[in-house]
Amino acid sequence: MARLELRGLRKQFGRGVVALDRLDLEVGSGELVSLLGPSGCGKTTALRIVAGFEVPDEGEVLVDGVDVVGLPASRRNMGMVFQSYSLFPNMTAEDNVAYPLRIRRQPKAERQRRSGELLAMVGLATQADRYPHQLSGGQQQRVALARALAHEPAVLLLDEPLSALDAKVRVTLREEVRRVQLELGITTLYVTHDQEEALAISDRVAVMSEGRLEQVGTPAEVYASPRSPFVASFVGTVNRLEATVASRAERTVRCGELVLRVGAEDFEHPDGTTVALYVRPEDVTVRPLTDGPAPAGAGGTVRGVTFLGSVTRVRVDCSLGSVVADVSSEEALHLAPGEAVSVELDPRRLRTLAPA
Amino acid sequence: MLRYLGVVPLGAYLLVFLLIPTGELVVDAFRDPSGTFTLSNVTTIFQAQYLSSFAASLELSALAALFGGILGFFAATAVVHPNAPRLVRSSVTTFSGMAANFAGIPLAFAFTSTLGATGVITVAFRHVGVSLAAVNPDATTLGLALVYTYFEFPLMLLLLVPALDGLKREWREAATNLGASGFTYWRTVALPILVPSLLGATVLLFGGAFSAYATAYALSGSTGNLVTELIGNLTNGNVTVDPQLAYALAFGMIVIITVLMVIYGLLQRRASRWLR
Ligand SMILES: Nc1ncnc2c1ncn2[C@@H]1O[C@H](COP(=O)(O)OP(=O)(O)OP(=O)(O)O)[C@@H](O)[C@H]1O
Ligand SMILES: [Mg+2]
C-alpha cells in the first residue's frame, strides 16, 4: 500500500483566484484522511491535482516518495469517485466495474470474476446487469466505488461522493465506504464539506480554509482541541464567548460574572488580554434555579428550546452572552422559555484562542 | 380521448400536407393518364435509364452525408471543446444556422464560380498544372456532393452540438482516471453514447441530399440525371411531360426512404439499448 504526500501545492485560477496556497498533507499507507472545508476552499482542486486533472503551479504530489505531477492522469494508478454520477451510461454495472480491467486487457473470465467480487462487496451482486439509469443514486455511487477499486489502485480519491444523496443513504453509505476502505487497507483521500461525515469515517481530518490547511488531526483532536477559531466554529457546533485573561499563571479567565479555570491546553495569553472562549453545547450544563441550593453558575433566562431527538438544544441568555447547551431531552422537560436558570461550563473542555 | 386533443392540429396538418398528397401520389403512380389502374409506370422505373438515376441519387446522397457527416462531426467536437473560446462556438453555430439553409441558385452560383469549369479556383489550379475536373460541380457527382456538403456539414454540426454537450466531463475523467487514453475513451464511451445521435443526424443528412432539387437543377439544368431532376423535367415539361412516370419515380423515392427509416429504426434500437 502506498503513502501519499502533498507538498507545497499552489494553484491559482485566472487572475487572483488562489484555490490552493501551499498545501501540505500526508496520507499514510492504508489511512483514510478527510479533506474538510467550506465550499470553495480548494478541496476539489487539491484532489484533482492528485488525480492529475489539474497541474499545480507549484508543489509536488508524491506517491511512495515519487513525484507524479508529470505523469498523465491515466498512468497514476489511482481510483476516483466523483460527486455526481460518473458511471458510463452505455454500460451495465458489471461492465462499468470491469472497465479498468478491460483497458488493461485482462481476460474476460478474470474481469467477470473481479467485478462480481467487487459488486458483492458493495452489496450489489444482484444488480450486475442493470444500466446506471436503472439504479438509485446510492446504488450508482456504490458501483462507482467498486469501479474505482477494480484495478487495485494505489490511492483512492473521493470527491464528496455522498453529497447528492439523501441524509439516510448518506449515513449508511459512508459507513460502507469506510468498511470497504478498511477491508482493502487502501490509502484514501476523502473530500467532504460535511464535518459529521469527516469525523465519522476518518483516521485523520484535515480542515481547510481558503486554500490553506488549518489543522490536521484525529477526529477527536480536531473536535476537542481546535487550533484556530475557524476550526472551532467549522467543526461541530460551538459557543464562542468573549473573556478576559484574569491570570495567566493560574490559567483563569473572566467571562461575564464567572471566573473560569481553563483546563487542557497551552495557555499563553498575557494577563488582561481579550480572548475567545470556546465551549461545545454538550459541555454546558443548564439547571433550573428552583433546584435546591444556589448553584455556582451564571444566572440566565431560557430563550429557546429545540428538540433534536435524544438531546434538546437550549438557548440561554446570561452574563456570559448567548449560550446554547445540549441537555438530555428528559431534563429539558423542565426547561421552558422564560425560565430562570443557572449556566455552568465544564472547565476541562474550555478552549481559549486569541480572537481572529 | 380528451388526452389526444392537443395533437389534433398537428394531426390535421400532417393529414392535409403529408398523408393526403402522399396517398394521392402513390395512387397516381398506379394509374394511366385516363385514370385506370396500371403497373406500367412502376415497371418503367426499372428500366436501366431510371435505375441509373436512382443509383446516382443514392451515390450523391451517400457521399454528401459522408462528407458532411465527418466534417460536421469534427467541427462540432472542436466547437464544444472546453478549451475552445466562447466566441468560436457562438459564431460557428450562428454561421451554421445560416449555411445549413443555404441552397438553390445562390449556392450553385457560388460553386460554379469557384470550382466550375471556369471558376476562379479551378483556373488558379490549372495555372499550376492541377486539374480540378474531377470535382466540377456542374458535371460530376463528386463535385455535386461537395456542393451539398456545404449545407450538410453545418446541419450535422447543429445536430451534434447538443449531443456532444450531453457528454459529461466526469465520463471522460473517470475513463482517464481508470487508465483509458483519449482514443480509448472515444471508442469505448463517447462514440457508443453518441451512436443514436450520429445515426439520426446521418439519416437526416442523407434524406436532405436525396430529396434536394433546386441546387442540382441550378447546376446542371435539364441535363441532370438525379431522380429529383427527372421528376422535375417530367412534370414541368422541358423535355417530355409524363406526370404518371414522375409519380412512379416519386413512389420509388418513398420506398427507398421507407426502407432507410426501417433500417435506421432497427439500428437505433440496438444502439440505444442502454437507454431503456
Ligand atoms: N477551473 C476553474 N477555473 C477558475 N476557477 C476555479 C476553477 N476551479 C476552481 N476554481 C476556483 O477555485 C476555488 C476552489 O475551488 P474548489 O472547486 O477546489 O472548491 P471546493 O472546496 O471543492 O468547493 P465545493 O465544496 O463547493 O466543491 C474556488 O474559488 C473556485 O471558484
Ligand atoms: Mg468541490
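Quick check, is B:Tyr185 more than 14 Å from chain A (Cβ to nearest Cβ), buried (at least 19 other Cβ atoms within 10 Å of the Cβ), hydroxyl-bearing (Ser, Thr, Tyr) and part of a helix (DSSP H, G or I)? Break it down into steps so the answer makes sense when it comes.
Working: more than 14 Å from chain A (Cβ to nearest Cβ): no; buried (at least 19 other Cβ atoms within 10 Å of the Cβ): yes; hydroxyl-bearing (Ser, Thr, Tyr): yes; part of a helix (DSSP H, G or I): yes.
When the stated conditions are applied, B:Tyr185 does not pass them.
No other residue among B:Leu144, B:Leu164 is surrounded by 21 or more Cβ atoms within 10 Å (Cβ to Cβ) and away from every other protein chain (no Cβ under 14 Å) apart from B:Leu144.
Only one entry in A:Leu23, A:Leu32 is among the aliphatic types (A, V, I, L, M), more than 13 Å from ligand 2 (Cβ to nearest atom), touching a Leu at 6+ places or on another chain (Cβ under 6 Å) and away from chain B (no Cβ under 14 Å), namely A:Leu23.
Surrounded by fewer than 19 Cβ atoms within 10 Å (Cβ to Cβ) and of a type outside the set (Val, Ile, Thr): is that true of A:Asp166 in this structure? Taking the combined requirement at face value, the residue satisfies it.
Among the residues of the range B:124-182, how many are more than 30 Å from A:Met91 (Cβ to Cβ), polar (S, T, N, Q) and at pLDDT 90 or above? Give the derivation first.
As a first pass, look at the range B:124-182 and keep what is more than 30 Å from A:Met91 (Cβ to Cβ): B:124-155.
From what's left, polar (S, T, N, Q): B:131, B:136, B:140-141, B:149.
Remaining after also requiring at pLDDT 90 or above: B:149.
So the answer is 1.
For the range B:171-182, give me each residue that is surrounded by 19 or more Cβ atoms within 10 Å (Cβ to Cβ) and facing chain A (nearest Cβ under 7 Å). The answer is B:Trp171, B:Glu173, B:Ala174, B:Thr176, B:Asn177, B:Leu178, B:Gly179, B:Ala180. Those helices (runs of 4 or more DSSP H) of the range B:1-95 in which 1 or more residues are within 24 Å of the chain's Cα centre (by Cα) and touching a residue at least 12 places away in the same chain (Cβ under 8 Å) occupy B:20-29, B:48-80.
Looking at the range B:99-109, which of its residues are touching a residue at least 24 places away in the same chain (Cβ under 8 Å) and either over 15 Å from B:Gly68 (Cβ atoms) or of a type in the set (Gly, Ala, Ser) (or both)?
If we filter the range B:99-109 for residues that are touching a residue at least 24 places away in the same chain (Cβ under 8 Å), which is where we start, we get B:99-105, B:107-109.
Selection gives B:Ala99, B:Ala100, B:Ala103, B:Gly104, B:Ile105, B:Ala108, B:Phe109.
Taking the conditions (1) closer than 30 Å to A:Arg179 by Cβ; (2) surrounded by fewer than 18 Cβ atoms within 10 Å (Cβ to Cβ) in turn, A:Glu214 satisfies each one other than (2).
When we screen A:Glu257, A:Glu339, A:Glu331 for residues that are touching a Pro at 6+ places or on another chain (Cβ under 7 Å) and more than 17 Å from A:Val238 (Cα to Cα), the only hit is A:Glu339.
Report yes if some residue within the range A:48-67 is within 16 Å of ligand 2 (Cβ to nearest atom), more than 30 Å from A:Glu183 (Cβ to Cβ), away from chain B (no Cβ under 14 Å) and surrounded by 14 or more Cβ atoms within 10 Å (Cβ to Cβ); otherwise report no. Spell out the reasoning first.
Let us first name the residues in the range A:48-67 that are within 16 Å of ligand 2 (Cβ to nearest atom), namely A:48-51, A:53-54.
Going one step further and asking which of them are more than 30 Å from A:Glu183 (Cβ to Cβ), we end up with A:54.
When the remaining residues are screened for being away from chain B (no Cβ under 14 Å), the result is none.
Within the range A:48-67, none of the residues are within 16 Å of ligand 2 (Cβ to nearest atom), more than 30 Å from A:Glu183 (Cβ to Cβ), away from chain B (no Cβ under 14 Å) and surrounded by 14 or more Cβ atoms within 10 Å (Cβ to Cβ).
What are the residues in the range B:143-169 that are free of Cβ contacts under 8 Å to residues at least 40 places away in the same chain and of a type in the set (Lys, Arg), if any? Passing the criteria: only B:Lys168.
Within the range A:88-109, the residues that satisfy the criterion of being facing another protein chain (nearest Cβ under 8 Å), in a loop (DSSP other than H, G, I, E, B) and not polar (S, T, N, Q) are A:Phe88, A:Pro89, A:Met91, A:Arg104. Taking the stated definitions as given, is A:Thr92 of a type in the set (Val, Ile, Thr), crowded, with 18+ Cβ neighbours inside 10 Å and more than 16 Å from ligand 1 (Cβ to nearest atom)? Judged against the criteria, A:Thr92 is a match.
From B:Ala218, B:Ala246, B:Ala209, which residue is away from chain A (no Cβ under 14 Å), assigned to a helix (DSSP H, G or I), farther than 21 Å from B:Val161 by Cβ and modelled with pLDDT of 90 or more? Step through it out loud before you land on a result.
Values: B:Ala218 fails: modelled with pLDDT of 90 or more; B:Ala209 fails: farther than 21 Å from B:Val161 by Cβ.
Testing whether each residue is away from chain A (no Cβ under 14 Å), assigned to a helix (DSSP H, G or I), farther than 21 Å from B:Val161 by Cβ and modelled with pLDDT of 90 or more leaves just B:Ala246.
With the structure loaded, tell me whether A:Glu31 is more than 16 Å from ligand 1 (Cβ to nearest atom) and either of a type in the set (Lys, Arg) or in contact (Cβ under 8 Å) with a residue 12 or more places away in the chain (or both) or whether it fails that test. So A:Glu31 passes the test. Picking from residues in the range A:38-82 that are assigned to a loop (DSSP other than H, G, I, E, B) and near ligand 1 (Cβ under 9 Å from one of its atoms), the one that is nearest to the chain's Cα centre (by Cα) is A:Pro38.
Has the range B:152-161 got at least one residue that is part of a helix (DSSP H, G or I), surrounded by fewer than 21 Cβ atoms within 10 Å (Cβ to Cβ), at negative phi and within 14 Å of chain A (Cβ to nearest Cβ)? Even if it seems obvious, please write down each step before you answer.
Going residue by residue through the range B:152-161, those that are part of a helix (DSSP H, G or I) are B:152-161.
With surrounded by fewer than 21 Cβ atoms within 10 Å (Cβ to Cβ) added as a condition, the list becomes B:158, B:161.
Now restrict to residues that are at negative phi: B:158, B:161.
Narrowing further to those that are within 14 Å of chain A (Cβ to nearest Cβ): none.
No - not one qualifying residue is present in the range B:152-161.
Among residues of the range A:183-196 being under 24 Å from A:Ala167 (Cβ atoms) and more than 14 Å from ligand 2 (Cβ to nearest atom), the one that is surrounded by the fewest Cβ atoms within 10 Å (Cβ to Cβ) is A:Glu196. Going through (1) closer than 19 Å to B:Trp274 by Cα; (2) facing another protein chain (nearest Cβ under 8 Å); (3) not aromatic (Phe, Trp, Tyr) one by one, A:Met78 falls short only on (1).
Inside the range A:246-269, residues that are in contact (Cβ under 8 Å) with a residue 60 or more places away in the chain and out of contact with any Lys or Arg (no Cβ under 7 Å at 6 or more places or on another chain) make up a count of 6.
Taking the range A:125-149 only, how many residues are surrounded by 15 or more Cβ atoms within 10 Å (Cβ to Cβ), free of Cβ contacts under 8 Å to residues at least 40 places away in the same chain and over 27 Å from the mean Cα position of the chain (by Cα)? Looking only at that region, the number is 3.
The values are calculated or read from the model by the stated rules, or taken from the named source; none is laboratory data. All values derive from a computational prediction rather than experimental measurement. Every residue, glycine as well, gets a Cβ built from its backbone with ideal geometry; the counts of neighbours run over all protein chains shown.
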